[in-house]
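What follows is one structure encoded as structure tokens, with my remarks underneath.
The values are calculated or read from the model by the stated rules, or taken from the named source; none is laboratory data. Computed from a predicted model, the values in this text were never measured in an experiment. Note that each Cβ is placed from the backbone with ideal geometry, even for glycine, and that neighbours are counted across all protein chains shown. In case anyone asks, the SASA skips ligands and DNA or RNA and just uses the protein heavy atoms, side chains included. Shrake-Rupley method; radii C 1.70, N 1.55, O 1.52, S 1.80 Å.
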Amino acid sequence: MKLINIGFGNMISSGRLIAIVSPDSAPVKRLVQEARDRGMLIDATYGRRTRAVIIMDTDHVILSAILPETVAGRANDKTQEVEEDEDER
């Protein structure tokens, strides 16, 4: 299981990640509100502005103060590490 840092020491499992999106569009805002109503929203912003909305396969929606590009880059770094480890075997 590989973990991705989403800011402030918070981690998510890369195997459970479906999408990383910007919070600016109306459909994403509705998705966040619906997750809040269902009790499936995790706010990992520590009171800062939400810059990324992370959608998990467990139906959880996670808010992060890190830009989507940064989170995606960290996820890709983890993927490359896994591929390099497999090549060494």
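Observations on the model:
- Difference of contour (0.36 nm per residue) and Cα-Cα distance, N76 to F8: 22.6 nm
- Amide H contacts under 5 Å for K2, placed H, 5+ residues apart: S14, G15
- Mean accessible surface per residue for the chain, computed with a 1.4 Å probe while every protein chain stays in place, in Å²: 65
- When only Cα pairs below 8 angstrom with a gap of at least 6 residues are kept, the chain shows a relative contact order of 30 percent.
- L41 accessible area, assembled protein chains, probe 1.4 Å, Å²: 40
- Accessible heavy-atom area order of I66, I42, highest first, probe of 1.4 Å: I42, I66
- Label-point gap, in nm, between I18 and R38 - each point 7 angstrom along Cα→Cβ: 0.8
- Nonpolar atom fraction for the chain, defined as the carbon and sulfur part of the 1.4 Å probe accessible area, stands at 47 percent.
- Against the chain, whose longest principal axis is taken from its Cα atoms, helix 26-38 shows a tilt of about 90°.
- For the chain, the calculated P(r) over all alpha carbon pairs, in 10 Å bins from 0 to the bin holding the longest distance, is 17, 49, 24, 8, 2 percent.
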